[in-house]
Every structure is written in structure tokens, then in C-alpha cells.
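J.: Quick one: this structure, given as C-alpha cells, is what I'll be asking you about.
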Amino acid sequence: MNTSANFQELLEPKFREIFFDAYDEIPEQFSDVFQVKTSKKAKEYDFHMAGTGLWDVKNPGQNINEEDMAKGDEVSYVHTAYAKMIQVEREFADDDMYGVVEKLPRQLGIGGRATVETTAAAILNNAFSVNGYDGVPLFSDSHPLIKGGVADNLMTASALNDTNLKTGITMMRTNMKTEEGLKMQARAKKLVVSPDLEFTAMTLLQSSGVVGSGNNDTNVLKGRLSPVVLDYLTDTNAWFLMDPAIAQLIFFWRVKPEFKQSENFDGMVAKYRGYLRFSVGYSDWRGIIGNAGA
């Protein structure tokens with residue numbers, strides 16, 4: 001006998017499989033840029049501290065100079081919950097001849113993945129205009145240092161080409177400073193772009209000769225950087241350089257995607273919902289350089 005309970009229980013395994021198949025259908029992109037961590041708390045915190053700067057010359061018999069530690073800014077990650085529900089009436093499921101019912105959990109899964117990618121990409125999409133933990137945007141020429149002075153990880157807006165990319169690589173190496181003002185000797189390892197710049201990036205990083213040049217010069221950029229294409233970047237001209245060993249773009253999973261079901265017994269309506277909870281942001285501006293493009 002086809003009872004209301006059978007209606008719910010027969011659909012649930014199929015819906016669950018469709019949901020997760022759709023969610024995992026396209027490989028995730030945000031993890032190519034963000035450090036992905038797991039949280040077991042409602043909030044996560046990071047703290048900035050400054051230690052010692054350059055050492056002092058010590059003359060014979062002279063006491064060693066002492067330099068105190070200094071506390072800087074606090075960074076917090078507050079996890080946000082996201083959810084979406086679909087309902088299926090018994091008669092609709094009985095009479096569905098075109099597979100419409102099976103498309104519902106698929107769309108639910110696709111929407112969940114898009115929610116994660118869109119929210120993560122917003123950190124870079126807003127990185128030239130929205131202030132962060134230190135009172136300036138992620139990309140700024142005036143990041144305040146705890147021990148005094150400022151540092152710069154904002155390139156002058158310019159198109160992605162051979163000359164400007166080399167300028168950015170050099171800037172990564174020379175401009176990254178610790179809270180004490182010391183050079184960090186960062187090395188650009190990734191070039192992050194939108195799909196609109198994908199082929200420009202590939203050409204710059206894979207051509208044997210210098211791109212745009214009539215000379216027979218060797219392309220010294222070949223194989224030096226790994227291209228990363230993020231579909232959810234909204235600025236088609238912006239591009240970014242990263243040193244993954246230093247960059248602190250952070251993504252915290254509090255609850256990974258889950259799929260649950262319940263039923264209104266009297267109304268013979270089955271309900272299915274997807275749920276996830278996470279936070280995303282950055283704990284430090286160092287290790288990444290931004291260019292708004294031209």
C-alpha cells in the first residue's frame with residue numbers, strides 16, 4: 001500500500017543523493033584562495049601582535065636593549081547559517097511525468113554551492129572599498145603597522161599584461177612588511193583572475209616568448225605562477241597576486257552542507273531542506289596584492 005509515510009521515505013534517499021551530487025558537481029573554487037578550517041565554536045578570533053624589530057649593535061660591556069611586545073587589532077569570524085527548503089505534495093509526486101520533482105533537490109544543491117562561492121568571492125569583490133580590521137580595505141597603500149608607519153599592498157590600477165604583472169611580482173617581494181616594519185620577502189605564487197582574464201593569464205604564464213613583444217626574448221614568467229580562475233569575481237578587470245605561504249584569507253566551516261526531511265502527515269506534504277553554516281574573511285592583508293585593473 002502506498003501510504004503517506006512511504007511517500008516521504010521513498011523520496012528522501014533519492015533526493016539526498018541528487019542534492020549532494022549537484023552540490024559537488026563542479027569542483028569548488030574558493031579553496032584555491034582561502035585556507036579552509038573547521039570551527040566548533042560560535043565565533044573564531046585572530047589577534048595581531050608585534051615583536052622585535054632589527055637588532056641593535058652591542059658594544060662590549062653594554063647592556064642589551066629590551067623591546068616590548070605590542071598588541072594590535074583583533075579579527076573575529078561570526079558564523080552565518082544559510083538554508084533553503086522545498087515542499088512536495090503527494091499528488092504532485094504521484095502525477096509527475098516529466099521529472100520535475102527530481103529537479104528540485106538538484107536546484108537546492110546548486111544554490112547551496114553558489115551561496116558558498118558567492119560569499120567567499122565577496123571578500124575580494126569588496127576588497128578595494130570595504131574597510132577591514134585595521135580601518136582600511138584589504139588592498140590599501142596605508143595599512144597601519146603596530147610599531148609605526150604604514151605598508152602598501154595596492155597596485156595602481158592597470159591592465160593585466162607582461163609589464164604590470166612583473167611590477168606586481170616585484171611589489172610582492174619588496175612591499176610586504178611585518179608589524180615591526182621588517183621585510184617579509186614574500187613570493188608571488190598564484191595569479192587570481194575572473195573568467196574574463198583567464199586566457200590573458202594563460203597566455204602570460206604559458207607562452208615561450210614575451211607576450212606582446214616582437215623580440216625573441218624568453219618569457220621569464222612561464223611556469224612561475226599558478227593561474228586561479230574564480231567564476232564569482234564581479235570585476236572583470238581586477239587581478240590579484242598571492243603568496244599562499246603568507247596569505248591569510250580564511251574560510252571556517254561550522255556546519256558543512258546537510259540535507260534533512262520531514263512531513264506534514266495530515267496535509268501529505270513532504271519537506272526537504274538544505275542547511276550549512278560558515279564564516280569567511282581575512283586575518284591579515286599580507287601575502288596578497290590587489291590591482292583593480294584598467
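J.: Answer yes or no as to whether Lys71 is over 29 Å from Asp21 (Cα atoms), surrounded by 14 or more Cβ atoms within 10 Å (Cβ to Cβ), modelled with pLDDT of 85 or more and charged (D, E, K, R).
T.: Here the answer is no, as Lys71 does not meet what is asked.
J.: Would you mind finding the one in Lys222, Lys271, Lys256 that is without any contact (Cβ under 8 Å) to a residue 40 or more places away in the chain, touching a strand residue (DSSP E or B) at 6+ places or on another chain (Cβ under 8 Å) and surrounded by fewer than 16 Cβ atoms within 10 Å (Cβ to Cβ)?
T.: Exactly one of Lys222, Lys271, Lys256 is without any contact (Cβ under 8 Å) to a residue 40 or more places away in the chain, touching a strand residue (DSSP E or B) at 6+ places or on another chain (Cβ under 8 Å) and surrounded by fewer than 16 Cβ atoms within 10 Å (Cβ to Cβ), namely Lys256.
For (1) over 21 Å from the mean Cα position of the chain (by Cα); (2) surrounded by 18 or more Cβ atoms within 10 Å (Cβ to Cβ); (3) farther than 30 Å from Leu191 by Cβ, each residue gets a yes or a no:
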| residue | (1), (2), (3) |
| --- | --- |
| Glu12 | yes, yes, yes |
| Glu28 | no, no, no |
| Lys37 | no, no, no |
| Lys40 | no, no, yes |
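J.: Identify, please: which residue in the range 184-219 is surrounded by fewer than 16 Cβ atoms within 10 Å (Cβ to Cβ) and part of a strand (DSSP E or B) and is, among those, modelled with the lowest pLDDT?
T.: Looking at residues that are surrounded by fewer than 16 Cβ atoms within 10 Å (Cβ to Cβ) and part of a strand (DSSP E or B), I get Gly209.
J.: Residue by residue through the range 43-81, note down the ones that are of a type in the set (D, E, K, R) and touching a strand residue (DSSP E or B) at 6+ places or on another chain (Cβ under 8 Å).
T.: Filtering the range 43-81 down to residues of a type in the set (D, E, K, R) leaves 43-44, 46, 56, 58, 66-68, 71, 73-74.
Answer for the range 43-81, where residues must be of a type in the set (D, E, K, R) and touching a strand residue (DSSP E or B) at 6+ places or on another chain (Cβ under 8 Å): Lys43, Glu44, Asp46, Lys71, Asp73, Glu74.
J.: Can you tell me which residue within the range 147-178, out of those that are outside any loop (DSSP other than H, G, I, E, B) and among the aliphatic types (A, V, I, L, M), is surrounded by the fewest Cβ atoms within 10 Å (Cβ to Cβ)?
T.: By that ranking, first place goes to Val150.
J.: Also, quick follow-up: If the Cβ limit is 9 Å and pairs must be 6+ apart or interchain, which residue in the range 85-106 that is more than 16 Å from Lys260 (Cα to Cα) and acidic (Asp, Glu) pairs with which residue that is part of a helix (DSSP H, G or I) and at pLDDT 75 or above?
T.: Every condition considered, the pairs that remain are Asp96/Glu102.
J.: Oh, and also: Evaluate the range 111-118: report whether one residue or more is more than 20 Å from Glu28 (Cα to Cα) and either surrounded by fewer than 17 Cβ atoms within 10 Å (Cβ to Cβ) or under 22 Å from the mean Cα position of the chain (by Cα) (or both).
T.: No, there is no match, as no residue in the range 111-118 is more than 20 Å from Glu28 (Cα to Cα) and either surrounded by fewer than 17 Cβ atoms within 10 Å (Cβ to Cβ) or under 22 Å from the mean Cα position of the chain (by Cα) (or both).
J.: Name the residue, out of Gly223, Gly181, that is over 29 Å from Leu145 (Cα atoms) and in a loop (DSSP other than H, G, I, E, B).
T.: Result: Gly223 is the single residue among Gly223, Gly181 that is over 29 Å from Leu145 (Cα atoms) and in a loop (DSSP other than H, G, I, E, B).
J.: Kindly indicate the residue of the range 253-292 that is outside any strand (DSSP E or B) and more than 30 Å from Glu179 (Cβ to Cβ) and also modelled with the highest pLDDT among those meeting that condition.
T.: In this case the residue turns out to be Met268.
J.: Restricting to the range 43-68, name every residue that is within 18 Å of Gly281 (Cα to Cα) and either of a type in the set (Lys, Arg) or loosely packed, with under 10 Cβ neighbours inside 10 Å (or both). Walk me through it before giving the result.
T.: Restricting attention to the range 43-68, the residues satisfying the condition of being within 18 Å of Gly281 (Cα to Cα) are 43-48.
Within the range 43-68, just Lys43 meets the criteria.
J.: Here's another thing I want to ask about it. Take the residues in the range 133-150 that are in contact (Cβ under 8 Å) with a residue 60 or more places away in the chain and of a type outside the set (Asp, Glu), then tell me which one is farthest from Gly290 (Cα to Cα). Give the steps one after another, and end with the answer.
T.: Start the filter on the range 133-150 by keeping residues that are in contact (Cβ under 8 Å) with a residue 60 or more places away in the chain, which leaves 133-134, 138-140, 143, 145-147.
Subset that is of a type outside the set (Asp, Glu): 133, 138-140, 143, 145-147.
Values: Tyr133: 17, Leu138: 8, Phe139: 6, Ser140: 9, His143: 13, Leu145: 19, Ile146: 22, Lys147: 24 Å.
Going through the qualifying residues, I end up with Lys147.
The values are calculated or read from the model by the stated rules, or taken from the named source; none is laboratory data. Since this is a predicted model, take the numbers as computed values, not measurements. Neighbour counts are summed over all protein chains in view; Cβ atoms, including those assigned to glycine, are modelled from backbone coordinates with ideal geometry.
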